[in-house]
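Reviewing the structure listed below.
The values are calculated or read from the model by the stated rules, or taken from the named source; none is laboratory data. No experiment lies behind these values; they were computed from the predicted model shown. Cβ coordinates were reconstructed from backbone atoms using ideal geometry, including for glycine residues, and neighbour counts include every protein chain displayed. Each accessible area value is taken on the protein alone, full model and side chains, heavy atoms only, with ligands, DNA and RNA left out. Shrake-Rupley method; radii C 1.70, N 1.55, O 1.52, S 1.80 Å.
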Protein chains: 6
Amino acid sequence: MKISARNQIRGRIVEVAKGATTAHVRIDIGGGAIITASITNEAVDELRLREGDDAYAVVKASDVMVAVD
Amino acid sequence: MKISARNQIRGRIVEVAKGATTAHVRIDIGGGAIITASITNEAVDELRLREGDDAYAVVKASDVMVAVD
Amino acid sequence: MKISARNQIRGRIVEVAKGATTAHVRIDIGGGAIITASITNEAVDELRLREGDDAYAVVKASDVMVAVD
Amino acid sequence: MKISARNQIRGRIVEVAKGATTAHVRIDIGGGAIITASITNEAVDELRLREGDDAYAVVKASDVMVAVD
Amino acid sequence: MKISARNQIRGRIVEVAKGATTAHVRIDIGGGAIITASITNEAVDELRLREGDDAYAVVKASDVMVAVD
Amino acid sequence: MKISARNQIRGRIVEVAKGATTAHVRIDIGGGAIITASITNEAVDELRLREGDDAYAVVKASDVMVAVD
């Protein structure tokens with residue numbers, strides 16, 4: 001499946017923390033940057049996401065803001 | 001100003017393309033990864049975003065999905 | 001590629017309208033329902049989206065609201 | 001109240017699962033498709049959402065992505 | 001129609017600017033604060049949004065961030 | 001840090017409610033309006049958000065809808 005989301009950044013899962021309904025998955029994308037995703041517990045189970053797995057952080061362009069110092 | 005968004009990734013602006021109301025800003029975050037942001041033309045003007053500037057791509061954790069091959 | 005987004009609804013593209021930077025793609029998902037997606041022109045080009053093609057409308061669960069009459 | 005969101009899909013609630021702060025509501029929109037919404041527990045209470053109720057899944061066009069096989 | 005979105009802020013439309021596919025609508029919510037919405041041109045037409053009209057800015061709680069100085 | 005998000009509304013925090021992974025923060029922006037933000041517990045801790053603090057509700061323009069009666 002190919003998806004329209006402009007941002008598909010490859011990395012490695014470094015943490016999967018499930019809550020009551022919502023999980024936080026942290027993906028190390030290299031260069032010292034870690035991306036945190038807040039997704040459903042169901043998605044974690046269905047994709048069998050585990051620490052150490054390769055994964056992509058996927059973000060639609062309209063959900064990205066720009067900041068400057 | 002400090003913001004709650006979990007993802008604030010430092011990089012360099014490599015392209016600013018304005019449309020009729022919406023602009024696309026591309027930020028090179030290193031390691032071969034470029035993040036595309038779709039923001040208003042107004043924001044581009046107000047922050048004076050230009051190619052070559054340092055900038056952050058900012059994304060709320062609830063807007064990040066996870067994908068696997 | 002498998003993605004965490006909970007909503008991946010199969011349908012057929014009935015319209016692709018490109019703007020200056022942003023395109024609107026309309027997908028008929030059956031039962032009289034049409035879903036409108038606002039995505040980048042780039043994504044339309046890269047995925048070669050055309051009227052008549054099969055496609056999925058993909059939505060993260062945290063982007064869905066519920067309404068009642 | 002009429003809202004600008006382009007996607008307002010009629011269906012029937014088939015599950016309401018509350019978590020600590022976030023609930024998941026699943027709406028059967030027919031044709032075998034079920035849409036999952038992640039909303040606050042407060043919204044579930046205020047709208048009195050219950051399994052079996054008619055409801056709409058509402059999604060802003062800019063939150064819809066397109067995927068192809 | 002009642003919607004789950006936690007934030008429905010009443011105000012008055014002070015500007016409607018249509019682009020190629022995307023419009024910007026600015027709503028004065030009082031106290032010197034103006035909220036900008038980026039919505040489709042279609043939605044502007046369908047709801048007949050015009051300067052001077054009463055309107056609500058509607059935002060899902062998961063799309064709100066918090067910042068401090 | 002200056003951010004591209006068009007909506008940065010000043011107010012005072014009136015409630016911070018943490019869940020298992022997701023917190024709800026309510027900000028009184030005056031004129032009887034309260035904005036609810038759903039953010040990670042981590043963000044609450046990192047920004048040390050507490051009832052009574054001044055804070056901004058920050059929303060990207062593409063996440064704002066418009067409704068009329």
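Worth a mention:
- The residues of the stretch E:52-68 occluded by other protein chains by 30 Å² or more of accessible area, set against the chain on its own, are E:TYR56, E:VAL58, E:VAL59, E:LYS60, E:ALA61, E:SER62, E:ASP63, E:VAL64, E:MET65, E:VAL66, E:ALA67, E:VAL68; surface from heavy atoms, 1.4 Å probe.
- Association of chains C and A removes close to 1600 square angstrom of accessible area from solvent, both sides included, for a probe radius of 1.4 Å.
- For the protein assembly as shown, a/c is less than 1.5, where a ≥ b ≥ c are the root eigenvalues of the C-alpha gyration tensor. That puts it in the rounded class.
- Electrostatic tally near B:GLY32: other residues with Cβ closer than 14 Å to its Cβ, Lys and Arg +1, Asp and Glu -1, net +2.
- The Cβ shell under 13 Å around A:VAL14 holds other residues with a net charge of -2, Lys and Arg each +1, Asp and Glu each -1.
- Percent accessible area from carbon and sulfur atoms, the stretch B:1-43, protein chains only, probe 1.4 Å: 44 percent
- 3J(HN,Hα) from dihedral phi, the stretch F:37-54, Karplus parametrisation 6.51/-1.76/1.60, rounded to Hz, x for glycine, proline: 10, 10, 10, 6, 4, 4, 5, 4, 5, 5, 8, 6, 6, 9, 3, x, 6, 6
- Other-copy label distances relative to F:VAL14, 7 angstrom Cα-Cβ extension, nm: 2.3, 3.9, 3.9, 4.3, 4.7
- Other protein chain Cβ atoms within 10 Å, averaged over every residue that makes up C:37-50: 6
- Average accessible area per residue (Å²) across the protein assembly as shown - probe 1.4 Å, nucleic acids and ligands excluded: 40 Å²
- Amide H to amide H, with H built 1.01 Å from N, F:ALA5 comes under 5 Å of A:VAL66, counting only residues 5 or more places away or on other chains.
- Nearest-to-axis residue in chain F, judged by Cβ distance to the rotation axis that brings F onto E and given in whole Å, is F:ASP63, 2.
- For chain C, calculated [θ]222 nm from helices alone, where every DSSP H run of n ≥ 4 adds -39500 (n - 2.57): -2000 deg cm²/dmol
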